[in-house]
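Written below as structure tokens is the structure these notes are about.
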Amino acid sequence: MFFCAISGEPPQEPVVSTKSNKVYERRLIVKYINENGTDPTTGDKLEESDLIDIKASPETVAPRPPNLTSIPALLQTLQNEYDALVLESFALKQQYNSTRQELSYALYAQDAASRVVARLIRERDAAREALANVQATMGITPSASAPEDVEMEENSTTEGLPQEIVARIDENHLTLSAARKKRKTPEGYATAAELKTYTAKHTIPSLHSASPAGITSLAVSRSNPNHFLTGGNDKIVQLYDRSTDKVLASLKGHTKKVNQVAFRQKEGEPTLLLSAGADKIAKVWAHDEASNEYIPKLTIRNHKGDVSGLAVHPTSTLLALSSMDKTYSVHDLTTFQQIHRSVPSDEPFTSLSFHPDGTLLALGTSMSTIQIYDVRIGAIAASLAPPDAVPFNIHTLSFSENGYHLAAPSSHSTVAVWDLRKQTASTKIELGDDFQINKVVYDVSAQFLGVAGTSGGRLFMYKSWEELVRFEEGGEMSDFVFGDMGKELWGVTGREVRIWGLPA
């Protein structure tokens, strides 16, 4: 009886190799030759023509192995196979656990690397700031940064704005003031009766990361009402298209939560995306036609505290920032240069808002007061303070489009409407002890006032201050925006953006 040199079993079709004189099963040796071209025993070159058939006699099938000739022997074989499968399963589990441990180690290593990178970035920023201070002390002008992302370092200018900027503001002021006296509510604008019937129309869920969760700021595009901008606790700025339910851009550049976002939209000029964060910086993003992506156009690092407020001037050419370092700054969005930095105030600035005529800038503080500056000369024009108020952060402000009133919290749960002509609070709206204000905002027609807080959103009628409607289904609302012609109301609840409008 012959045995195959490869399988060790009696061959069904035996052949012998002329190179090694070994017997093989033809099926196995032919496959080996096709794959390797050599004799498996000696390694010599071997072709199929080198194989010689062996004519065995008698030509019978190989007998069944003795261990498979009885039922007990078959059961024993099956038991052996089962044991082998169990052992293999155990080995696979061990490999799986080992792979999980390796993956866990890799994730921890990646997290540690991210922390190291974040620390290095902070050290880099601190070194830049220290270098800028030294250069300022020695009278050395810092070198210009790359044109695609201008790094705007600290550069205090305590005087007023340049004359050409002042002339532009005055011209805009005269135009807007004259138009305001003749302005009427636009035809087709939402009425109080319609607002009372508003119901939920659309909800965009799961925006930004789940940890840390939460949207902090919302801005809706005027030129394309389907586009909106959000900033989050996850340090990311997102541009979203609700018509397609797609994120158009996720902009990374902040190292702490984003406090404020805004659009800069001016006819004949590209749209800019603006953001300010708790990492002491503000960023300007512009659309790049070549890559079809938004890229950083300007990074402003001139503040030493959290950038708490961001507002675009009515001319759409200036950007104002407020900071917890007790200063505010004004930047030209045409040249991307800082044109003014205020002298330090006695109190940190927690919010800001431009007057609709563009000559005044209101800044909330951490001590319950509102300082109103003439933005042209950088001097305080008025100071508003609720009588006997317990100190708290005024983190939201809104001028009425009529130019005479300013809405701001006078306590955690009370909104004061200030008459700028008399510099007194003409109206106070009590919201209840369980309501904490997050946002106050006038609509562009000056007919309605929206308030967002811990119990949702509320809408009030100007003058009568009648509460028109409440939006409480989403829980706490962190931001509130009026849509085009008042036909939609937008709110932020957690990671969701909700839209209310007329029922279908």
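The values are calculated or read from the model by the stated rules, or taken from the named source; none is laboratory data. A quick note: this is a predicted structure, and the numbers were derived from the prediction, not measured. Reconstructed Cβ throughout: ideal geometry from the backbone, glycine too, with neighbour counts over all protein chains shown. The accessibility values were calculated without ligands, DNA or RNA, using every heavy atom of the protein model including side chains. Shrake-Rupley method; radii C 1.70, N 1.55, O 1.52, S 1.80 Å.
Looking at segment 227-267, what strands (runs of 3 or more DSSP E) fall wholly within it and have at least 2 residues that are β-branched (Val, Ile, Thr) and crowded, with 18+ Cβ neighbours inside 10 Å?
Because the criterion is at least 2 residues that are β-branched (Val, Ile, Thr) and crowded, with 18+ Cβ neighbours inside 10 Å, the strands (runs of 3 or more DSSP E) in segment 227-267 that meet it are 236-241, 258-264.
Here is a check on your reading of the model: is Leu352 touching a Phe, Trp or Tyr at 6+ places or on another chain (Cβ under 6 Å), without any contact (Cβ under 8 Å) to a residue 60 or more places away in the chain and not in a loop (DSSP other than H, G, I, E, B)?
no
Restricting the search to segment 4-55, which residues are of a type in the set (S, T, N, Q) and touching a residue at least 12 places away in the same chain (Cβ under 8 Å)?
If the condition is that a residue be of a type in the set (S, T, N, Q) and touching a residue at least 12 places away in the same chain (Cβ under 8 Å), then Ser7, Gln12, Ser17, Thr18, Ser20, Thr41, Thr42 are the ones that fit.
Residues in segment 327-358 that are in contact with a helix residue (DSSP H, G or I) (Cβ under 7 Å, 6 or more places away or on another chain) and more than 19 Å from Ile281 (Cα to Cα): how many?
Residues that pass the stated criteria total 3.
Would you mind telling me which numbered condition in (1) part of a loop (DSSP other than H, G, I, E, B); (2) within 16 Å of Ala416 (Cα to Cα); (3) touching a residue at least 12 places away in the same chain (Cβ under 8 Å); (4) open to solvent by 20 Å² or more (accessible area, probe 1.4 Å) Asp388 fails?
Of everything listed in (1) part of a loop (DSSP other than H, G, I, E, B); (2) within 16 Å of Ala416 (Cα to Cα); (3) touching a residue at least 12 places away in the same chain (Cβ under 8 Å); (4) open to solvent by 20 Å² or more (accessible area, probe 1.4 Å), Asp388 misses just condition (3).
Can you find a residue that is small (Gly, Ala, Ser), more than 20 Å from Tyr189 (Cα to Cα) and either assigned to a loop (DSSP other than H, G, I, E, B) or open to solvent by 10 Å² or more (accessible area, probe 1.4 Å) (or both) anywhere in segment 432-450?
Yes, because at least one residue in segment 432-450 is small (Gly, Ala, Ser), more than 20 Å from Tyr189 (Cα to Cα) and either assigned to a loop (DSSP other than H, G, I, E, B) or open to solvent by 10 Å² or more (accessible area, probe 1.4 Å) (or both).
For Thr427, all conditions in the list (1) over 31 Å from the mean Cα position of the chain (by Cα); (2) polar (S, T, N, Q); (3) under 30 Å from Glu171 (Cβ atoms) hold save one; what is the number of the exception?
If we test Thr427 against (1) over 31 Å from the mean Cα position of the chain (by Cα); (2) polar (S, T, N, Q); (3) under 30 Å from Glu171 (Cβ atoms), just (3) comes out false.
Out of curiosity, is Asp279 touching a helix residue (DSSP H, G or I) at 6+ places or on another chain (Cβ under 9 Å), farther than 25 Å from Ala408 by Cβ and not in a strand (DSSP E or B)?
yes
Select, from Tyr294, Tyr328, the only residue that is of a type outside the set (Asp, Glu), surrounded by 19 or more Cβ atoms within 10 Å (Cβ to Cβ), at pLDDT 95 or above and farther than 13 Å from His395 by Cα.
Tyr328
From the set of residues in segment 15-44 that are touching a Lys or Arg at 6+ places or on another chain (Cβ under 8 Å) and not in a loop (DSSP other than H, G, I, E, B), which is surrounded by the fewest Cβ atoms within 10 Å (Cβ to Cβ)?
Thr38
Quick one: Ser316 ticks every box in (1) within 32 Å of the chain's Cα centre (by Cα); (2) in a strand (DSSP E or B) except a single one, so which number is it?
(2)
One line per residue, one yes/no per condition, for (1) open to solvent by less than 10 Å² (accessible area, probe 1.4 Å); (2) out of contact with any His (no Cβ under 9 Å at 6 or more places or on another chain); (3) at pLDDT below 95:
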position	(1), (2), (3)
Val375	yes, no, yes
Leu384	yes, yes, yes
Asn393	no, yes, yes
Ser410	no, yes, yes
Ser455	no, yes, yes
Leu459	yes, yes, no
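All but one of (1) in contact with a Leu (Cβ under 8 Å, 6 or more places away or on another chain); (2) modelled with pLDDT under 95; (3) buried (at least 19 other Cβ atoms within 10 Å of the Cβ) hold for Pro314, so report the exception by its number.
It is condition (3) that Pro314 fails.
So which residues in segment 331-344 are open to solvent by less than 20 Å² (accessible area, probe 1.4 Å) and either over 15 Å from Ala379 (Cβ atoms) or of a type outside the set (Lys, Arg) (or both), if there are any at all?
Hits for segment 331-344 are His331, Asp332, Leu333, His340, Ser342.
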